[in-house]
Each structure stands twice: as structure tokens, then as C-alpha cells.
Amino acid sequence: MAFFLQNLVNALQWGSFYALIALGYSMVYSILMLFNFAHGDIFMVGAYIGFGVATGLMVLASLWAFTLPGWLILVLTILLSMFLTSFLGMFVERVGYRPLREAPRASAAITGLMIGIILEILILWGMGTQRVSFPSLIDTVTYNIGGVFITNKKIMIVAISLSFMLALHLFIKKTRWGMAMRAMAFDYVVVPLMGVSINHIARMTFAIGSALAAVAGILFGVAYPVLDPYMGIIFGWKAFVAAILGGRGSIMGATLAGFLLGFIEIFVAMIFPSTLRDLIAYSIVLLILVFRPYGFFGEPYSAKLRL
Amino acid sequence: MLLSVENLQVSYDKIKALHGVNFDIDEGEIVTIIGANGAGKSTTLRAISRMVPVDEGTRMTFQDKDLLKYAADKVVSQLGISHVPEGRRLFGNLTVLENLKLATFARKDRENIVKDIERVFAIFPRLDERKTQKAGTLSGGEQQMLAIGRAFMSGRKIMLLDEPSMGLAPLLMLNVFEALKEINKEGTTILLVEQNARMALKFAGRGYVLESGNLVLEGPSEELLENPEVKKAYLGG
């Protein structure tokens, strides 16, 4: 039982990363009918930006000889990195996708992949080939609850992820910008007739998705403090799988599917050799899609691309 | 003159849909464009609301402002031109109230919005009863009411209506046109595009007849209703 609960805790943390990244995929797909295949690399850049901001804050603090508590640095790092990474998202939208809005979807997909490669090379170029280690901002405290080991970091990671997911959910349900996003997901062609600029909503969606990816990147850095320029590739693909599994445009679906992927991976690794983990885990995902081709919360959908 | 359209040309994939259409609308008028399916009626409205690109040589002004300088969303939010599109195109996943509120997204006069929503509910009491329901669950008539209500919320100098009678039972159709008359009396100019020519001409003060991308006839509605060619082609003999 303790063994099971231990894995459950790990799966929750692992799933948080997938879920946070999957939300960005899902939002962009639902409003623009395109997959932003650069999103995994935006997560990676977000982690590096977090690394830069955290390091910068620590240097500043030591220069001016005052002490910033680690948790405060972490909070500031998350907020500043979200802000900075959102600009990367908006830039990608403006330069990479907006000119292709009427182009075939395959062109947009390829563009995403290319932007991803460019981001990887830029980071490689700027940071060198060596992996960098994310500064340890808070000390790990381990609690033993009935044989299950839970660290303060795990609790924090899951709590922060869930808070952002809840905040996003409320934003989309309650605000007029969220309302515009939902409208755009339903029928984006007529949105301008409401006096709403498609470009504004698209830009905002990329900004939010990228900010959440930055949160995932920093939390990942806190949990596994080694960053490398290719870390976004596999995470990106798996989060993409979660977005599909969740169903088109469903925030709830992407969240649940992100966590589910975490669970499947961790529990498969619990039973089978870890080299077979992804093989078995993604066969299970494939099987789910056979029975639910539109994902958990998706519905059959045909886009109207003209007024 | 409120709206002036000169030499309006639109092409879809290099095939001309409109071959240089000219017409004007004065403030407060109700004008209709009638014509067969595929004549270019919807395209005309889409060109005015900047939803389709126009060809070189087209000139359109609204209150002496060059329409071609405005993007589709600015046509609504800055010029007050609203468009009820063909097939209504409501946001079925949003509630009735949300559909109305979304249409006010860019409005600066926040204080008037509540009042305007009440006005819509006064014109269409059915929408008030259904305000928390998803728009996708409404009947055809209610959907048309909501589409008009939504346009009322977004911009009110002129309302472009694309086939509002489509799919409605005759009685419901009369209700919708009554409501439009009321909206017009309160100062909204109306440009109506219809296949149901008899209904449209009875409702409008003036009309134009569009055939394969050209305006071939124009005049006061009473004249068009008596015109033998119009009678033969559009009023069933």
C-alpha cells in the first residue's frame, strides 16, 4: 500500500508537468485549429529563462549584500519568467503563425517544428553544450507519512500546478477574454463580427500558454535540477498526446489527461522494466484513443473556415 | 448619406462574384437587396463588413470614412456596423447572455450595456426566459432572435441582415420583422438581403435586384413589387 501511495505521489508530480504544458497545446488548438509544435521548446526556453532569472536574483542579492529567502526568489522567478516567456509566445505567434493563418495546416505544423529547432539551437549557442543545473532555491524537507516519503518540493509543485490550472479555468469561464476564447473555439470565423480582434485573442492565448509552460519549466528545474536544450522535445510530444487525449479544446480534459499520462508512466515503470516504460504506456494511450477517438471531452467537430 | 458603395468587386479564387456594384443608403432607411441563390447578396454584405477582400477599384465609405481602412473587428467596434450572418452562426457553446455580452467586447460605454441587454430582452422576451441556456439548444426562431439581439449589442448605426427569414415558420418570420421595424424606428438603418423577395419588399422602403453579381434594377419597394420582371422572376408570377 505504501509502495502504491509512494508512486501515486510521484505520478502527481510527473503529471503536473505534462498537464501544464498540455494546456498550452490545447488552448491554441481550440482557438486556431493548429498545433503549436514549438510549444515543447517554449517549455525548455521557459526553464532556461527561469534559470537565468533565479541566478540573476541571487547575484543581485549577493552584490547588494542583502539576503533574499529562497522561497521569495522562487516566487519572483516564476512570476518574472512567466512574464518574459509570454513574450516569446507572442513573438512565435506573430512571426511564425499569423502569416500562415489561411495557409494549409501542414505548413503551420512544419513552421512549429522549425521554430522549435531554432529555439534549441539558440539555447545551445547561448548556453553551450553542457547541461546547466538549476539553482537549489529551497532546501528539501522529507516527510515520512506512514512509510510514504513526501518532500516539501513535491507538495509545492503539485499545489502550484493545480493553482494555475484552477486560475486558468476561472479565467476562461468568468472573464470576457475567456468568453472570447470559448467563442473562437466554437466558430472563429464570425468572431470579428462581434468586434473582437482575432489577433488579440490569438496573441493572448499564446502568451498564457507560454507562461504556463514557463511555470512547468521552472517546477521541473526545481524537481530535476538539470536543464538541457533538448529537454523540450520529448516533453512537448507527450504533452501533445495529453492534449489530444483530453479532447479538443478541453482545459479539464488536458489537465486530467496530463495527470493520467503521469500515472500510466509511473505505474508501468513500477511493474515493468523501465526501458519498456514508454512502449507500454503509449500502447495504453493508443488503446484509449481507439475507443475514444475524440479524447475524453472532445466532440466530433467540423470547422467552418468561411463565413 | 450613411453608406456608399461604388464599383464593388469581389472575386473568389479569381472568379468574379461581384462585377462592380453601386448603391447608397441614407440614415434611417430600410433597404433590401433581393436576388436568387448565388447572385452575390451575401458577398455584398461580407464585403461591407470586411470579411472578404475586395478587388482593386472598389470604393466604400461609411459616414464619409473610408471603409477599406478598417479591419473586420473595427468595422463593428469603431463604425457601428453590425452583421447578422447567414445561418446565424451563434456561439452554441455560450449561453444566451454570454452571446449578447461577447458582442459588447470592444464597447467603451460599459455603463449602457446592462440597459441595452434589457432592451433586447424587452424586444425578444423569449430570450429573457432562456438567458442562461446554451445558444445551441435554442429553436430556430429563438436563434434568429438572438442573432439579431447580438447584432443590436455590437453596433447600431446600421445592421446588415443576411436571410433572417431562412428556416422560420411564417408567423415567427412576421415576429422577427416586427422586431426589426422597432429597432429601425429607434434609429438603426437596415440593409436586408433576402431570397424571400415578397417579404423583403413589403418590409423595406427601397430595393435593389442583384443578378449574377450585377445590380439590374432599383427603386421604391412598391414599384418593384409591381414590376413585371420582378414579379416573374422573384414573386412567383
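Residue selection: A:Gly236 fails the criterion of being open to solvent by less than 20 Å² (accessible area, probe 1.4 Å), over 30 Å from A:Met181 (Cα atoms), touching a residue at least 12 places away in the same chain (Cβ under 8 Å) and in a helix (DSSP H, G or I).
If you go through region B:94-124 and pick out every residue that is open to solvent by less than 10 Å² (accessible area, probe 1.4 Å) and either within 11 Å of another protein chain (Cβ to nearest Cβ) or out of contact with any helix residue (DSSP H, G or I) (no Cβ under 7 Å at 6 or more places or on another chain) (or both), you end up with 6. The set of residues in region A:239-297 being open to solvent by 70 Å² or more (accessible area, probe 1.4 Å), within 17 Å of A:Ser161 (Cα to Cα) and either touching a strand residue (DSSP E or B) at 6+ places or on another chain (Cβ under 6 Å) or modelled with pLDDT of 90 or more (or both) consists of A:Leu256 alone. Just checking, which of A:Met156, A:Met179 is modelled with pLDDT of 95 or more and either of a type in the set (Gly, Ala, Ser) or more than 19 Å from the chain's Cα centre (by Cα) (or both)? After applying the criteria, what remains is A:Met179. Of the residues that make up region A:187-210, is at least one within 14 Å of chain B (Cβ to nearest Cβ), in contact (Cβ under 8 Å) with a residue 24 or more places away in the chain and part of a loop (DSSP other than H, G, I, E, B)? The answer is yes, given that some residue of region A:187-210 is within 14 Å of chain B (Cβ to nearest Cβ), in contact (Cβ under 8 Å) with a residue 24 or more places away in the chain and part of a loop (DSSP other than H, G, I, E, B).
Taking the conditions (1) open to solvent by less than 10 Å² (accessible area, probe 1.4 Å); (2) within 14 Å of another protein chain (Cβ to nearest Cβ); (3) not in a helix (DSSP H, G or I) in turn, A:Pro229 satisfies each one other than (2).
Residues that are open to solvent by 20 Å² or more (accessible area, probe 1.4 Å) and not in a strand (DSSP E or B) were ranked within region B:1-19; the one that is nearest to B:Lys231 (Cα to Cα) is B:Met1. State which residue is farthest from A:Phe164 (Cα to Cα) when the search covers only region A:3-13 and only residues that are open to solvent by 40 Å² or more (accessible area, probe 1.4 Å) and hydrophobic (A, V, I, L, M, F, W, C). Checking each candidate, the answer is A:Phe3. Just to be sure before I move on: is A:Ser81 small (Gly, Ala, Ser), within 19 Å of the chain's Cα centre (by Cα) and more than 25 Å from A:Met33 (Cα to Cα) in the structure I sent? Criteria met by A:Ser81. Residue count for region B:25-76 satisfying the condition of being open to solvent by less than 10 Å² (accessible area, probe 1.4 Å), within 20 Å of A:Ile198 (Cα to Cα) and either away from every other protein chain (no Cβ under 14 Å) or more than 15 Å from the chain's Cα centre (by Cα) (or both): 1. With respect to (1) closer than 23 Å to A:Ser107 by Cα; (2) open to solvent by 40 Å² or more (accessible area, probe 1.4 Å); (3) modelled with pLDDT of 90 or more, the lone exception for A:Ala38 is condition (2).
Set side by side, the residues B:Leu127, B:Leu90 differ, and just one is open to solvent by less than 40 Å² (accessible area, probe 1.4 Å) and away from every other protein chain (no Cβ under 14 Å), which is B:Leu127.
Among (1) surrounded by fewer than 18 Cβ atoms within 10 Å (Cβ to Cβ); (2) touching a residue at least 60 places away in the same chain (Cβ under 8 Å), which single condition is A:Ser163 missing? Failed condition: (2).
Looking at A:Phe51, is it assigned to a helix (DSSP H, G or I) and either in contact (Cβ under 8 Å) with a residue 12 or more places away in the chain or buried (at least 24 other Cβ atoms within 10 Å of the Cβ) (or both)? Criteria met by A:Phe51.
The set of residues in region A:60-83 that are under 10 Å from A:Ala214 (Cβ atoms) and buried (at least 18 other Cβ atoms within 10 Å of the Cβ) comprises A:Thr77, A:Ile78, A:Leu80, A:Ser81, A:Met82. Selection of region B:139-182 for residues being out of contact with any Lys or Arg (no Cβ under 6 Å at 6 or more places or on another chain), within 13 Å of another protein chain (Cβ to nearest Cβ) and more than 22 Å from B:Gly205 (Cβ to Cβ) yields B:Leu146, B:Gly149, B:Arg150, B:Met153, B:Ser154. The set of residues in region B:130-156 being assigned to a loop (DSSP other than H, G, I, E, B), open to solvent by 40 Å² or more (accessible area, probe 1.4 Å) and not polar (S, T, N, Q) consists of B:Arg130, B:Lys131, B:Arg156. A single member of B:Leu215, B:Leu225, B:Leu210, B:Leu191 is more than 29 Å from A:Val191 (Cβ to Cβ) and surrounded by 18 or more Cβ atoms within 10 Å (Cβ to Cβ), and it is B:Leu215.
Residues in region A:199-206: is at least one among the hydrophobic types (A, V, I, L, M, F, W, C) and in contact with a strand residue (DSSP E or B) (Cβ under 6 Å, 6 or more places away or on another chain)? No.
Once region B:178-235 is narrowed to residues that are among the hydroxyl-bearing types (Ser, Thr, Tyr) and assigned to a strand (DSSP E or B), the residue that is farthest from the chain's Cα centre (by Cα) is B:Tyr208. For the criterion of being hydrophobic (A, V, I, L, M, F, W, C), exposed (fewer than 13 other Cβ atoms within 10 Å of the Cβ) and farther than 26 Å from A:Val45 by Cα, A:Leu193 fails. Only one of the numbered conditions (1) facing another protein chain (nearest Cβ under 8 Å); (2) of a type in the set (Gly, Ala, Ser); (3) in contact (Cβ under 8 Å) with a residue 24 or more places away in the chain is violated by A:Ala180, and that is (3). Scanning region A:47-100 for residues that are aromatic (Phe, Trp, Tyr) and over 23 Å from A:Ile115 (Cα atoms), which turns out modelled with the highest pLDDT? Within region A:47-100, the match that is modelled with the highest pLDDT is A:Trp71.
The values are calculated or read from the model by the stated rules, or taken from the named source; none is laboratory data. Because the structure is a prediction, the values reported are computed rather than measured. Neighbour counts are summed over all protein chains in view; Cβ atoms, including those assigned to glycine, are modelled from backbone coordinates with ideal geometry. Surface accessibility is based on the protein's heavy atoms, side chains included, excluding ligands, DNA and RNA. Shrake-Rupley method; radii C 1.70, N 1.55, O 1.52, S 1.80 Å.
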